[in-house]
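The values are calculated or read from the model by the stated rules, or taken from the named source; none is laboratory data. What you are looking at is a predicted structure, and each value in this text was computed from that prediction instead of being measured. Because the Cβ atoms are built from the backbone with ideal geometry, glycine has one as well, and the counts that use them run over all protein chains shown.
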Amino acid sequence: MNREGQMNVIRKKMKSAAIAVMSCFVILAAGCSKQTEIAAETVVSQGMISGLTTDKAAYRPGEKVSFKLDLGKAEPKAKVIVQYRHLDEKIGEQEVKAEGGQITWDWTPPKEDGKGYMAEVFLSAKGEVMDHQNIAVDVSANWRKFPRYGYLADFHGMSKDELTAVIERLNRFHVNGLQFYDWQYKHHDPVKLDGNKPAAEWPDIANRPVSLDTIKGYIDLAHSKNMMAMNYNLLFGAYEGAEADGVKKEWALYKDPTQTNQDKHPLPDSWASDIMLYDPSNTEWQNYLIDKKTEVFKQLPFDGWHVDQLGDRGALWNAKGESAKLAEGYVSFLKTAKEKLDVDYVMNAVGQYGQAFMATQAPLEFLYTEVWDGHPKYSSLKDIIDQNSKYSKNKLNTVLAAYMNYDLADSSGEFNTPGVLLTDAVIFASGGSHLELGENMLAKEYFPNKNLTIPAELEEHLIRYYDFLVAYQNILRDGLEETKVAVSGTGDAAITSAPEQGKIWSFAKRKNGSDIVHFINFTDATTMEWKDNKGEQAAPVERKDVDITIQTEREVASIMFASPDYYNGSPVKLSFEQQDGNVKLKLPSLKYWDLLTIHYK
């Protein structure tokens, strides 16, 4: 039989299996067990479903979830079968009539806080499962548990429809917090007032127009999706000439002990000002800026302050000629701010600068690191996330601001899909999330840069990756501990415990006695630097039935496989053999990233 004939036989078998399982759902009274499940890997998708969304990015315990499914065309007498899962356990099912081109339904998840769920959605017509898509649901009372941070950077006058389109797109990625970048009038005076009220418009530092209505509109829309709205600002910056607004030179930071050269962050000549720097430990400066931020929260319903710094500035001195200790100053500032202004705080640790102090002493919701050249490798991303977990004694999760295709973004083009997905795979598998999504996608530290566009293929992949991040959040970033699991491959599937070009990287974490083992595919990688500066990272060739051996003396009860690259992330129970301390099995497919959960007896 030729290859096409073999494929036809396989398709028929898969179709028959799907019909048989579907029949059990439709004719439960005829004796099929209520535990019968549709296996996602048996479904041959016919492209019927064109969209699947939820009404919010995250849900409070007890809140209902509203789903909306769009069909490319209406299918007569069709049904939607939904299987609700927590990890590899099916916790519920639901059947909905598919009348018309858009189907809606509600579901109330279990009330337990801090859980991720997957809704497997199957479209059936004429006794056949015709399509399958998944979507995730996060039930968390507070975003600090599983932060998925996005950004906004354009605040000119916009219509309600334009604002809504941006927020709806970010909602599909389950983004539950938004950094409002460079929204402010001046760093030392964020809200421009017209009498006792905010002005209708003001220029930002790059002299771009900022509309008050746009900011308010975005905040309201974010809140309607259970997204947190965080206003951005430095903790130690002011415009030139800020003395006219009450800022004092005695609060400044200097590059020399004789106070002749104030430290500053230079900006382009066409911008409003360079940023002059002040001592974050100076109590008068703290009171001045915190009072200004209090006015921000009085005038605008932001939820918190995204606090920025500028990394290691070298040796600095205050106005008394004393050596300035920035990291300790950051903690002092944040503690004072929290006492005077009890809102959420997130602070950037540029290149990890000051993170050890902030993670242990500052009142932060989670840890945030802007990753620079001191951490260039894929392994560096995991190292930062692991380090942050140790700093915080595994209490605070991590978000990485890691800018992709940095040099490529100097001119117009597209983001390189393989580069972005490999970086996200490493960050997500390591237990972090990636600040990357906003009106566009981040390639530079100046968020409004839009030289690179997002290709449709990447957009589709990212939806699956963020669904995967949420659905499996309890075994990705919920108090896991690093562990050693010896994994080996056969043939050309070389598996290593450290990332190497041309090989598969595997590492493991443990929770509640189960091992979670990750596989990230660098077999076709052209670079091992996560930034993929020029957008040249190659797409890995998909590998099928990858033979692996896991060494363990513990008796294995079951093994679950899942991948954002395989059947929309649905879990698959794998068969295995265990003998003489070795467990042998096959990964059904490995494209970018696979995950195994090994349960023991």
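Residues that are more than 21 Å from Gly311 (Cα to Cα) and in contact with a helix residue (DSSP H, G or I) (Cβ under 9 Å, 6 or more places away or on another chain): find the strands (runs of 3 or more DSSP E) completely inside segment 196-261 holding 2 or more of those.
Of the strands (runs of 3 or more DSSP E) lying wholly inside segment 196-261, those with at least 2 residues that are more than 21 Å from Gly311 (Cα to Cα) and in contact with a helix residue (DSSP H, G or I) (Cβ under 9 Å, 6 or more places away or on another chain) span 201-203, 228-234.
Could you please let me know if Glu577 is modelled with pLDDT under 95, among the acidic types (Asp, Glu), closer than 19 Å to Ala486 by Cα and surrounded by fewer than 17 Cβ atoms within 10 Å (Cβ to Cβ)?
no
Report, by residue number, each residue of segment 544-589 that is among the hydrophobic types (A, V, I, L, M, F, W, C) and free of Cβ contacts under 8 Å to residues at least 24 places away in the same chain.
Those that are among the hydrophobic types (A, V, I, L, M, F, W, C) and free of Cβ contacts under 8 Å to residues at least 24 places away in the same chain: Leu574, Phe576.
In segment 287-332, which residues are crowded, with 18+ Cβ neighbours inside 10 Å, charged (D, E, K, R) and over 28 Å from Asn226 (Cβ atoms)?
Lys292
What number of residues within segment 346-389 are under 19 Å from Trp505 (Cα atoms) and aliphatic (A, V, I, L, M)?
Selection size over segment 346-389: 3.
Which residue pairs have Cβ atoms under 7 Å apart, sit 6 or more places apart or on different chains, and have a first residue in segment 119-134 that is on the phi > 0 side of the Ramachandran plot and a second that is of a type outside the set (Gly, Ala, Ser)?
Gly127/Ile19; Gly127/Met22
For a quick check of your reading of the model, give me the residue pairs whose first member lies in segment 443-469 and is assigned by TED's automatic domain parsing to the domain that holds Phe155 and more than 30 Å from Asn207 (Cβ to Cβ), whose second is assigned to a helix (DSSP H, G or I) and of a type in the set (A, V, I, L, M), with beta-carbon atoms closer than 9 Å and at least 6 apart or on different chains.
Leu458/Val420; Leu458/Leu421; His461/Val420; His461/Leu421; Leu462/Val420; Leu462/Leu421; Tyr465/Leu421; Tyr465/Ala425
State all residues of segment 380-394 that are within 18 Å of the chain's Cα centre (by Cα) and of a type outside the set (Asp, Glu); if no residue qualifies, say none.
The first filter runs over segment 380-394 and keeps only residues within 18 Å of the chain's Cα centre (by Cα), leaving 380-386, 388-389.
If the condition is that a residue be within 18 Å of the chain's Cα centre (by Cα) and of a type outside the set (Asp, Glu), then Ser380, Leu381, Lys382, Ile384, Ile385, Asn388, Ser389 are the ones that fit.
Looking at segment 502-529 only, could you name the residues that are in a loop (DSSP other than H, G, I, E, B), farther than 17 Å from Asp594 by Cβ and either out of contact with any Asp or Glu (no Cβ under 9 Å at 6 or more places or on another chain) or β-branched (Val, Ile, Thr) (or both)? Give the steps one after another, and end with the answer.
Going residue by residue through segment 502-529, those that are in a loop (DSSP other than H, G, I, E, B) are 502-503, 512-513, 522-528.
Narrowing further to those that are farther than 17 Å from Asp594 by Cβ: 502, 512-513, 526-528.
Answer for segment 502-529, where residues must be in a loop (DSSP other than H, G, I, E, B), farther than 17 Å from Asp594 by Cβ and either out of contact with any Asp or Glu (no Cβ under 9 Å at 6 or more places or on another chain) or β-branched (Val, Ile, Thr) (or both): Asn512, Gly513, Thr526, Thr527.
Could you identify the single residue in Leu400, Leu381 that is in a helix (DSSP H, G or I), closer than 25 Å to Lys531 by Cα and in contact with a helix residue (DSSP H, G or I) (Cβ under 8 Å, 6 or more places away or on another chain)?
Result: Leu381 is the single residue among Leu400, Leu381 that is in a helix (DSSP H, G or I), closer than 25 Å to Lys531 by Cα and in contact with a helix residue (DSSP H, G or I) (Cβ under 8 Å, 6 or more places away or on another chain).
Does at least one position in segment 530-541 carry a residue that is modelled with pLDDT of 95 or more, assigned to a strand (DSSP E or B) and under 30 Å from the mean Cα position of the chain (by Cα)?
no
Take Asp565 and tell me if it is of a type in the set (D, E, K, R), on the phi > 0 side of the Ramachandran plot, part of a loop (DSSP other than H, G, I, E, B) and surrounded by 14 or more Cβ atoms within 10 Å (Cβ to Cβ).
no
Can you tell me which residues in segment 35-52 are loosely packed, with under 14 Cβ neighbours inside 10 Å and of a type in the set (S, T, N, Q)?
Passing the criteria: only Gln35.
What do you reckon, is Ile520 among the aliphatic types (A, V, I, L, M) and in contact with a helix residue (DSSP H, G or I) (Cβ under 6 Å, 6 or more places away or on another chain)?
Answer is yes for this residue.
Does segment 139-153 contain at least one residue that is in a loop (DSSP other than H, G, I, E, B), at pLDDT 95 or above, in contact with a strand residue (DSSP E or B) (Cβ under 9 Å, 6 or more places away or on another chain) and more than 29 Å from Asp478 (Cα to Cα)?
Yes, segment 139-153 contains at least one residue that is in a loop (DSSP other than H, G, I, E, B), at pLDDT 95 or above, in contact with a strand residue (DSSP E or B) (Cβ under 9 Å, 6 or more places away or on another chain) and more than 29 Å from Asp478 (Cα to Cα).
Which ones in segment 174-189 are surrounded by fewer than 22 Cβ atoms within 10 Å (Cβ to Cβ) and not in a strand (DSSP E or B)?
Asp182, Tyr185
Test Thr523 against the stated conditions and say whether it is crowded, with 22+ Cβ neighbours inside 10 Å, β-branched (Val, Ile, Thr), within 24 Å of Tyr567 (Cβ to Cβ) and not assigned by TED's automatic domain parsing to the domain that holds Met118.
no
Looking at Pro76, Pro61, can you tell me which residue is farther than 30 Å from Ser589 by Cβ, part of a loop (DSSP other than H, G, I, E, B) and under 23 Å from the mean Cα position of the chain (by Cα)?
Answer to the selection: Pro61.
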